[in-house]
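Read the structure below first, then the notes.
Please treat every number below as a calculation from the coordinates, not as lab data. The structure displayed is predicted, hence computed values, not measured ones. All Cβ positions, glycine included, derive from the backbone under ideal geometry; neighbour counts span all protein chains shown.
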Amino acid sequence: MPCLIVSCCVVLCLTACDFSQADEPSQSNELFQSNSSAIDKSALTSDVLNNPTAYIPPQCYTKTTATDGAIHNPCYVCHTASKAPNFLNDTDVQQELVFPEPGVINRWDNMFKDYSKQVAKISDETILKYVRQDNYKNSQNELILADKLQALPAEWDRNKNGQWDGFIPDSYYNFNDKGFDVAPSGELTGWRVFAYYPFLGTFMPVNGSTDDVMIRLPEIFRQDDKGIFDERVYELNLSIIESLLKQKDINIAEVDENLYQVDLNKDGKLSHTSTIRFSWSPNDNIFMSYVGLAKAKLAAKEINLAAGLYPVGTEFLHSVRYIDEKDGNTAMAARMKELRYARKENWRNYYQLERIAMKEVKERHDFPDRTKQVIGNMEVGLTVAQGWTYQGFIEDKQGDLRPQSYEESYFCVGCHSGTGATADTTFSFSRKFDSDSFKQGWYSWLEKDLAGISDPLRNDGLGEYGYYLTHNPSGNEYRNNDAVKNKFYDKQGNKKIGAFNDLKTDISTLLMPDVKHALIMNKAYKVIVDEQSYSQGRDGHVSEIVNIHKEVELGQDTGIVDVLNFH
């Protein structure tokens, strides 16, 4: 929400969203000249951009050709042959830097800085104490950020109406045995946490951050046909949507279809079943259905259902965190670096989504000098053409969560709306652990970590993480993670067969860093927090990143010959 989400090599621009009622940002050449690092109070609510192409993340400036001539391809994980209803199919981006003219200069200045002196000043004890402090909830189980938004500081009130008009966090990160979030009152908040395969590249914990994700469906998906809350109805609707997003069958705990009057396993009768059968082909008069009140609303054409798409009102909450040390191992820390939120505001059918993709390609070809504007602001979030609104909160200099500025949020929308790898603009839910996993994949990393999880297989039968590591030996885009490279390759650059074999049955051998490396990455990111220089790049690193372009040419060849596929 990979930003759920996730770090990507985004070079496709964004289409302006004429359906939003939010204000349009102001851009001018003069604004692009500014290069201030620390954000001030006035800049926080401003709708201007210092970086006109902030939606293109620094990973997209990676030098894919090494000094020794070796070719590396981290781009394929984002820019790939798409799965409908994602129609971008942007494999061409692997071979050509398709940037708009203002994007030829890499404005992510933090990437070219050396932070070794600042990092050296932070002790292990200091950083561990810091990351173990919860900056989301206090000791009374009160939501710190939510309370602050309810008593809105004047410097956060963009439109000066005395109230926060965007999302107010309402999850307590208090999960029951089924992964549902429980409020202090004992009521379910609607949020449900799930375990998933971390996206490849920067968002693997070994590169500096842990994270978790929750999903919430609108109330009608949590209610029976009489409008009364029903937990089993909610579970079934979540599994139905999982089937639709993954476009595959989903196993569930046995259920009596007669209770819901829906043939979930598509065997032509109402009976007991443990399967939600994915079978949706409207042209052949084959449909699927929700259960409960959502079933009635669907029949009345008040809501929609389609393969690969979430219903309107679906929400995601994604925390990006530091890394803690526990019993000599690494784990997700209490402290959040960021809290990211997404909500589907509008329905887009297949035809509309294809038009959005085609319009993007046309604009990129016909108007290469144009950057794209995204409608919205720091208070209500930014809305992308596909109908989703994205919003984020990030640490201030004191370590408390604050709203992201317009520009800081602009950084997130590129990955979610301009890559071929997403499913309805999201990264995580389509990567949720399948129903044969622990608790059918509905659990928090705090309950069970990544240890013992096998490398998921690609369509070609190869392990996903092993395949990525084959083409990117340091486990990231910048080729600067020596800890990974030394673990999986010898000094001559040959694979360590034993390490790759271990990865097949335990992805934590790659994904989780050792304690020493984790603490260094924590410290490096803390320096950026102290500077409040997120708009210059928020990837924690110690030494200057050298495998990244400071400037590129329009249409520059990446050197990649063999186009790879993510799936």
Would you mind estimating how fast the range 387-488 diffuses translationally, via Stokes-Einstein at 37 °C and 0.692 mPa s with the Kirkwood radius over Cα pairs, in µm²/s?
192 µm²/s
Classify the range 445-521 from the C-alpha gyration tensor, please: rounded if a/c falls under 1.5, else prolate or oblate depending on whether a/b exceeds b/c.
oblate
Packing-based ranking, highest mean first, of 146-155, 500-509, 278-287 given that Cβ atoms within 10 Å are counted:
500-509, 146-155, 278-287
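Please report the equivalent ellipsoid semi-axes of the chain, computed as sqrt(5 x eigenvalue) of the Cα gyration tensor, largest first, in whole Å. If you can, show how the numbers build up before the last one.
Numbers: eigenvalues 236, 149, 138 Å².
They are 34, 27, 26 Å, listed from largest to smallest.
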Collect residues whose amide H, placed 1.01 Å from N in the peptide plane, falls under 5 Å from the amide H of His549; neighbours closer than 5 in sequence don't count.
Thr62, Lys63
How much of the calculated P(r) for the range 396-445 lies past 18 Å, in percent of all Cα pairs?
57 percent
For the range 67-204, report the translational diffusion coefficient in µm²/s to the nearest whole number, using Stokes-Einstein at 4 °C, 1.567 mPa s, and a Kirkwood Rh over Cα pairs.
62 µm²/s
Identify the trypsin sites (Lys or Arg not before Pro) of the range 74-147 meeting these criteria: DSSP loop state and at most 12 other C-beta atoms within 10 Å of the C-beta.
Lys121
Can you quote the Å³ per residue value for the convex hull of the Cα atoms in the range 353-423, rounded to an integer?
103 Å³
In deg cm²/dmol, rounded to 500, what helix-only [θ] at 222 nm does the chain give when every DSSP H run of at least 4 residues adds -39500 (n - 2.57) and the total is split over its residues?
-6500 deg cm²/dmol
For the range 457-507 and the range 135-180, write down the distance between their C-alpha centroids in whole Å.
40 Å
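Kindly provide the GluC sites (Glu not before Pro) of the range 439-494 that DSSP labels as loop, not H, G, I, E or B, and whose Cβ sees at most 14 other Cβ atoms within 10 Å.
Glu447
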More than 21 angstrom apart: percent of Cα pairs within the range 454-567
51 percent
Would you kindly derive the ³J(HN,Hα) couplings of the range 137-153 from the backbone phi angles with the Karplus curve 6.51 cos²θ - 1.76 cosθ + 1.60 (θ = phi - 60°), listing them in order in whole Hz, with x for Gly and Pro?
10, 9, 5, 8, 6, 9, 7, 4, 5, 4, 4, 5, 5, 5, 9, 4, x
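In square nanometres, what is one fourth of the surface area of the convex hull spanned by the alpha carbons of the range 497-556?
Hull-based average projected area comes out at 7.1 nm².
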Taking the range 294-345, which trypsin sites (Lys or Arg not before Pro) meet the DSSP loop condition and have no more than 16 other C-beta atoms within 10 Å?
Lys301
Got a sec to turn the phi values of the range 167-175 into Karplus ³J(HN,Hα) couplings, 6.51 cos²θ - 1.76 cosθ + 1.60 with θ = phi - 60°, whole Hz, x for Gly and Pro?
6, 10, x, 9, 8, 9, 6, 10, 9
